[in-house]
Each structure stands twice: as C-alpha cells, then as structure tokens.
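The values are calculated or read from the model by the stated rules, or taken from the named source; none is laboratory data. Remember, it's a predicted structure, so these values are computed and weren't measured experimentally. Note that each Cβ is placed from the backbone with ideal geometry, even for glycine, and that neighbours are counted across all protein chains shown. Side chains are part of the model used for accessible areas, which takes the heavy atoms of the whole protein and leaves out ligands, DNA and RNA. Shrake-Rupley method; radii C 1.70, N 1.55, O 1.52, S 1.80 Å.
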Amino acid sequence: MAVDELIPIVMTGPSGVGKGTLIDKLRKEYEGSFGHIVSHTTRKPREGEVHGKHYYFTTVPEIEKDIADGKFIEFANVHGNYYGTSKKALQDVAAQGKLCILDIDVQGCEKVKKANIPCKFIFISPPDFSVLEKRLIGRGSETEETLKKRLDTAKKEMAYKDIPGFFDHVVVNDVLDIAYADLKSIISPFIDLQKSRK
Ligand SMILES: Nc1ncnc2c1ncn2[C@@H]1O[C@H](COP(=O)(O)OP(=O)(O)OP(=O)(O)O)[C@@H](O)[C@H]1O
C-alpha cells in the first residue's frame with residue numbers, strides 16, 4: 001500500500017491494552033521518523049515522567065482556557081483528569097518533517113473526526129477483557145478505585161471497534177511480537193514516505 005500524505009497516526013484502545021508499549025517499540029525501531037507530540041494532562045506525573053517530554057503537566061483552569069480558545073485538536077476528561085493534544089504540538093512535529101503518532105482515547109478520536117483532521121485510526125484491542133485487568137494490575141499503576149474506573153471505561157471503548165468504518169485497522173495485542181508485526185505492516189508505508197521526504 002502506498003500513501004501520499006504524511007497524516008497523523010492515531011492509536012487508541014482501552015487503558016492497559018499496551019498502546020504505550022507498542023509505540024515505544026516503534027519509536028525505538030524507527031528512531032528519527034516519529035516526532036514527539038507532547039500532550040497536555042492535568043493528572044499527576046507518574047514516577048520518571050518529565051514535564052515537556054512525556055506530557056505538559058498543567059492545571060484545570062489553564063487547560064480549560066486553552067480549550068475554549070480553540071488551541072486543542074482533541075481533549076478528554078478521563079477518570080477526572082484532562083488529556084489533550086494542542087494544534088501547536090502537531091504543527092511542531094510536522095514542521096520537523098516527522099510523522100505524528102497520537103495515543104488518545106476513543107472520545108479523542110471522535111473529536112479528531114469531528115474536526116475533520118485526516119488521520120489513520122488504529123484500535124488496539126485486548127484478546128479478551130480479563131487480560132486488560134491483569135495488565136493494569138501488573139503495571140502497578142492503579143489503586144482499586146482507578147482500576148475499576150479504567151475497566152468500566154474500557155467496556156464502553158471496546159464497543160467502538162465494531163462500529164463499521166470508525167477505525168481503519170484493529171490490532172489485537174495478545175502476543176506482543178505478533179501485534180507489533182501487524183502494526184508495522186500498517187505503518188511502514190508512512191515510514192517509507194517520511195524517509196523519502198528527508
Ligand atoms: N502483549 C502483551 N502481553 C503482555 N503484557 C503486555 C503486552 N502489551 C503490554 N503489556 C503490559 O501491559 C501493561 C499495560 O501496557 P501499557 O502501559 O503499554 O498500556 P496503555 O494502553 O499504554 O495504557 P494507558 O492508556 O493506561 O497508558 C504494561 O505493564 C505492559 O508491559
């Protein structure tokens with residue numbers, strides 16, 4: 001498949017499915033092809049997360065003002081925290097001739113679609129629901145309360161993958177290497193295009 005436009009790649013899927021893990025692998029293998037889009041969030045930093053690198057950590061009043069000013073292409077309030085991608089963050093990456101990869105939730109995808117921004121939409125799905133719970137517990141990032149919230153949200157998000165035409169691709173993340181190979185086959189035409197434009 002040939003592509004002729006360096007459109008952003010949007011990865012979504014329930015919390016704990018492995019989006020971050022897959023994106024990290026892509027970034028390692030194709031170092032230099034992907035720009036770094038720094039999202040904004042009002043959640044507290046996890047250990048090791050750096051402001052301006054992993055996220056712009058911001059406050060609710062600040063992000064609400066920027067959203068009202070139309071500075072975000074998508075944003076969502078997930079589990080009581082805002083997450084969003086500013087237009088400027090995408091422009092910064094495009095200006096460097098790099099490929100954008102967005103890790104956003106399903107609500108964010110809806111907003112990007114409504115904003116008519118052309119993107120490649122990829123849903124990362126768990127093989128089954130119990131796997132999600134295991135991965136979230138295994139990651140050690142959740143309290144009992146946030147785990148329940150994430151799993152409740154995940155149930156709703158999973159329904160979207162079956163909406164005809166909503167996603168361009170669904171990748172099942174069961175065995176990591178197989179999921180990664182599937183993802184690579186979808187993304188490699190974009191990598192080729194990005195490299196040819198250097
Ligand atoms: N195929 C896989 N098999 C087993 N474990 C996996 C697999 N993919 C990811 N994991 C593990 O599952 C946990 C959740 O993965 P990750 O943090 O990448 O999820 P995420 O979708 O980015 O979540 P969030 O949206 O909450 O950031 C991590 O501990 C990761 O190492």
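Within the listed set ALA76, ALA95, ALA154, the residue fluctuating most in the Gaussian network model of the chain (springs between alpha-carbon atoms under 10 angstrom) is ALA95. Here the alpha carbons of the chain define both size measures, Rg and Dmax, at 16.3, 48 Å.
Legend: calculated FRET efficiency, GLU144 to LYS113, from the Cβ-Cβ distance at R0 = 35 Å, rounded to 0.05, equals 0.55. Length available on full extension from GLU62 to HIS169: 0.36 nm per residue minus the Cα-Cα distance, which gives 35.0 nm.
HIS36 contributes about 90 Å² of solvent-accessible surface, heavy atoms of the protein only, 1.4 Å probe. For the chain, the relative contact order comes to 33 percent (Cα pairs under 8 Å, sequence separation of at least 6). Projected over every direction and averaged, the convex hull enclosing the alpha-carbon atoms of region 63-138 yields 6.7 nm². Shape class of region 7-103 from the alpha-carbon gyration tensor: oblate, with a/c at 1.5 or above and b/c at least as large as a/b. Accessible surface for region 85-156, divided over its residues, is 53 Å² per residue with a 1.4 Å probe. Taking trypsin sites (Lys or Arg not before Pro) across region 1-81, the ones in a DSSP loop with at most 11 further Cβ atoms lying within 10 angstrom of their Cβ are ARG46, LYS53. Please build a GNM for the chain, connecting alpha carbons under 10 Å apart, and tell me which residue among ILE37, ILE186, ILE104 fluctuates the most. Its mean-square fluctuation being the largest, the pick is ILE186. In region 1-77, Cα pairs under 8 Å separated by at least six residues give a relative contact order of 18 percent. When the listed pairs LYS88/LYS155; LYS28/LYS88; LYS98/LYS156; LYS28/LYS87; LYS19/LYS195; LYS88/LYS148 are checked against a 29 Å cut-off, the alpha-carbon distance exceeds it for LYS88/LYS155; LYS98/LYS156; LYS88/LYS148. At full extension, SER185 and ARG43 could sit 47.8 nm farther apart than now, given 0.36 nm per residue minus the alpha carbon distance. The stretch between ASP24 and ASP192 holds 58.6 nm of extra length on full extension. This uses 0.36 nm per residue minus the Cα-Cα distance. Expressed as a whole percent, the accessible area of region 1-124 that falls on carbon and sulfur atoms is 51 (1.4 Å probe).
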